[in-house]
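The values are calculated or read from the model by the stated rules, or taken from the named source; none is laboratory data. Note that the structure is a prediction, hence the values are computed from the model and not measured. Cβ: placed from backbone, ideal geometry, glycine included. Neighbour counts: every protein chain shown. Calculation scope for accessible area: heavy atoms of the full protein, side chains included, ligands and nucleic acids excluded. Shrake-Rupley method; radii C 1.70, N 1.55, O 1.52, S 1.80 Å.
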Amino acid sequence: MILALTNATLACPVGGVTTGNLLVRDGAIVATGIVDIPADAEIVDCGGKTIAPGIVDLGVAKVDRAAFRAGGIVRIGLMPDQSPVLDDPGIVQRAALIGKPDLWIHPIAAATRGLAGHDLAEMAICLSAGAKAVGTGRHWIADSGVMRRVLAYARDLDVTVVTHAEDGGLTAGAVATEGETATRLGLPAAPAVAEALAIARDLMLAEDTGARLHIRQVTTAAGFDLIRAAKRRGVAVTCGITPAHLHLSEIAVSDFRSFALLSPPLRAESDRRAALAAIADGTIDVLCSGHEPRGPEEKRLPFTDATSGMAGAETLLPLALMLVRDEHLTLQRLFALLACNPARVLGLDTGTLEVSKPADLMLFDGQAPWQIVGDSFAAEAGNTPFDGLPVQGRVLRLWKGGREVR
């Protein structure tokens, strides 16, 4: 099986942005640039459009194949907060297999049994069953002794710990960030420092144990400052963010619109600007969708009764391309954030257009205009805080291991 993608703009996180052809044989990239096309190759003329690595979406809440196909996502890091929780090798193995061949699911196994934050889960057995990381799910482990044992065990297993950074003692019952908006609307709120407190503790424990730590979403200026300082000291830490926290502030909840109810909650405008600066200076390593489709039974409720989460898979690429157009980052670095870096966090040798890498490829038109309309999503639900926003950037075709995903 030979596939030749011709007349393309090639956006590689390692090789930069070039033009030329890309040749795939038996599911792997075998040549890029000026390439002789074999006579028996299937030829796809890209018409100058962009070929990039398929997106590796780290930390999704639900398997949603149609949404991932529409969004150019070929691999996902699945959160442990499933039903049942991903704390058993049989459950982990099933989760790892159900998406193939079109979608590869890389489970993030629960760090503690039932994600209760008390007893360590059987991490080693779950890793042998297909898990690629261990995590705390949507919650923070309050017991520092338990968290230290999780990190020490993960270090011995040579696997990354994926954490949620909010001190639960401060955020319990809160649906917004403390500030003028929450006060004016009368919403139960938590101080933004809840994030920095959780990050500071976990960074100190990671530094003490020598473990690899990935903080799934960092959203405050204080949090970014802590991450920067830790990286300078040599702590093995990475962090991520969603487009929502880059493009929206707490003002988006002013009309009690539950589609803007997220976890972590939207922050102050100063924190949003700090997030853009952290994207630009390399503090943020991963850009993820935070995909969590929620139907009307969970979202069409009073703000304080609604469930947090957004359907983000189909809007990840166009919202990310806005960062390139606004010159916060280059197209090359964008795909490091979307593919190469999340793959590294999960220990996967993919996410670039280098020769010998898996042919997980996305063809997209970065100029194609469209309007985000949640009701027309391919996703299981259309709960997007960006409903009605005009954007540019559409996925045209998608390949997983050289095989087209339809």
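Selection of segment 297-343 for residues being open to solvent by 60 Å² or more (accessible area, probe 1.4 Å) and outside any helix (DSSP H, G or I) yields R300, L301, P302, D326, E327, T330. On inspection, A194 qualifies as touching an Asp or Glu at 6+ places or on another chain (Cβ under 6 Å) and either charged (D, E, K, R) or surrounded by 19 or more Cβ atoms within 10 Å (Cβ to Cβ) (or both).
Does F303 meet the test of being in contact with a Leu (Cβ under 8 Å, 6 or more places away or on another chain) and of a type in the set (F, W, Y)? Here the answer is yes, as F303 does meet what is asked. I'd like the residue in segment 197-219 that is β-branched (V, I, T) and surrounded by 23 or more Cβ atoms within 10 Å (Cβ to Cβ) and, out of all such residues, is nearest to R148 (Cα to Cα). Applying the filter and picking the extreme gives I199. The set of residues in segment 80-102 being open to solvent by less than 10 Å² (accessible area, probe 1.4 Å) and assigned to a loop (DSSP other than H, G, I, E, B) consists of P80, L86, G99. Only a single criterion out of (1) without any contact (Cβ under 8 Å) to a residue 60 or more places away in the chain; (2) in contact with a Leu (Cβ under 8 Å, 6 or more places away or on another chain) is not satisfied by I29, namely (1).
Out of L276, L266, which single residue is in contact (Cβ under 8 Å) with a residue 40 or more places away in the chain and either more than 16 Å from A174 (Cα to Cα) or under 14 Å from the mean Cα position of the chain (by Cα) (or both)? Can you show your working first?
Working: L266 fails: either more than 16 Å from A174 (Cα to Cα) or under 14 Å from the mean Cα position of the chain (by Cα) (or both).
L276 is the lone residue from the list that is in contact (Cβ under 8 Å) with a residue 40 or more places away in the chain and either more than 16 Å from A174 (Cα to Cα) or under 14 Å from the mean Cα position of the chain (by Cα) (or both).
Has segment 111-122 got at least one residue that is in a loop (DSSP other than H, G, I, E, B), open to solvent by 10 Å² or more (accessible area, probe 1.4 Å) and under 29 Å from R69 (Cβ atoms)? Within segment 111-122 (the criterion being in a loop (DSSP other than H, G, I, E, B), open to solvent by 10 Å² or more (accessible area, probe 1.4 Å) and under 29 Å from R69 (Cβ atoms)), the answer is no, since none of the residues qualifies.
So that you can scan it fast, the table gives a plain yes or no per residue for (1) at pLDDT 95 or above; (2) among the hydrophobic types (A, V, I, L, M, F, W, C); (3) assigned to a helix (DSSP H, G or I):
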{"residue": "L187", "(1), (2), (3)": "yes, yes, no"}
{"residue": "A196", "(1), (2), (3)": "yes, yes, yes"}
{"residue": "A200", "(1), (2), (3)": "yes, yes, yes"}
{"residue": "E207", "(1), (2), (3)": "yes, no, yes"}
{"residue": "F224", "(1), (2), (3)": "yes, yes, yes"}
{"residue": "R228", "(1), (2), (3)": "yes, no, yes"}
{"residue": "R232", "(1), (2), (3)": "yes, no, yes"}
{"residue": "T238", "(1), (2), (3)": "yes, no, no"}
{"residue": "H245", "(1), (2), (3)": "yes, no, yes"}
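Each residue in segment 123-168 was checked for being of a type in the set (G, A, S), more than 21 Å from G90 (Cα to Cα) and open to solvent by less than 10 Å² (accessible area, probe 1.4 Å), and 1 of them qualify.
The single residue among R75, R25 that is closer than 25 Å to D285 by Cα and open to solvent by 10 Å² or more (accessible area, probe 1.4 Å) turns out to be R75.
Does segment 366-390 hold any residues that are touching a Gly at 6+ places or on another chain (Cβ under 7 Å) and charged (D, E, K, R), and which are they? Of everything in segment 366-390, those that are touching a Gly at 6+ places or on another chain (Cβ under 7 Å) and charged (D, E, K, R) turn out to be D375, D387. Could you look through segment 377-406, keep only residues that are closer than 26 Å to D45 by Cα and small (G, A, S), and pick out the one that is surrounded by the most Cβ atoms within 10 Å (Cβ to Cβ)? So the residue we want is G393. For segment 344-376, a residue qualifies if it is within 28 Å of R155 (Cβ to Cβ), among the aliphatic types (A, V, I, L, M) and surrounded by fewer than 22 Cβ atoms within 10 Å (Cβ to Cβ), and exactly one does: L348.
For M147, the criteria (1) modelled with pLDDT of 95 or more; (2) over 18 Å from R216 (Cα atoms); (3) of a type outside the set (S, T, Y) hold in every case but one, which is (2). Can you say whether A343 is out of contact with any Lys or Arg (no Cβ under 7 Å at 6 or more places or on another chain) and either of a type in the set (V, I, T) or within 28 Å of G130 (Cβ to Cβ) (or both), as far as the supplied structure shows? When the stated conditions are applied, A343 passes them. Residue check: T18 meets all listed conditions (1) under 30 Å from L127 (Cα atoms); (2) of a type outside the set (D, E, K, R); (3) open to solvent by 10 Å² or more (accessible area, probe 1.4 Å) but one, namely (1). Filtering segment 256-279 down to residues that are part of a helix (DSSP H, G or I) and hydroxyl-bearing (S, T, Y), which residue is most open to solvent (accessible area, probe 1.4 Å)? Looking at the filtered set, the residue picked out is S270.
Consider D64 carefully, then state whether it is among the charged types (D, E, K, R) and open to solvent by 10 Å² or more (accessible area, probe 1.4 Å). Judged against the criteria, D64 is not a match.
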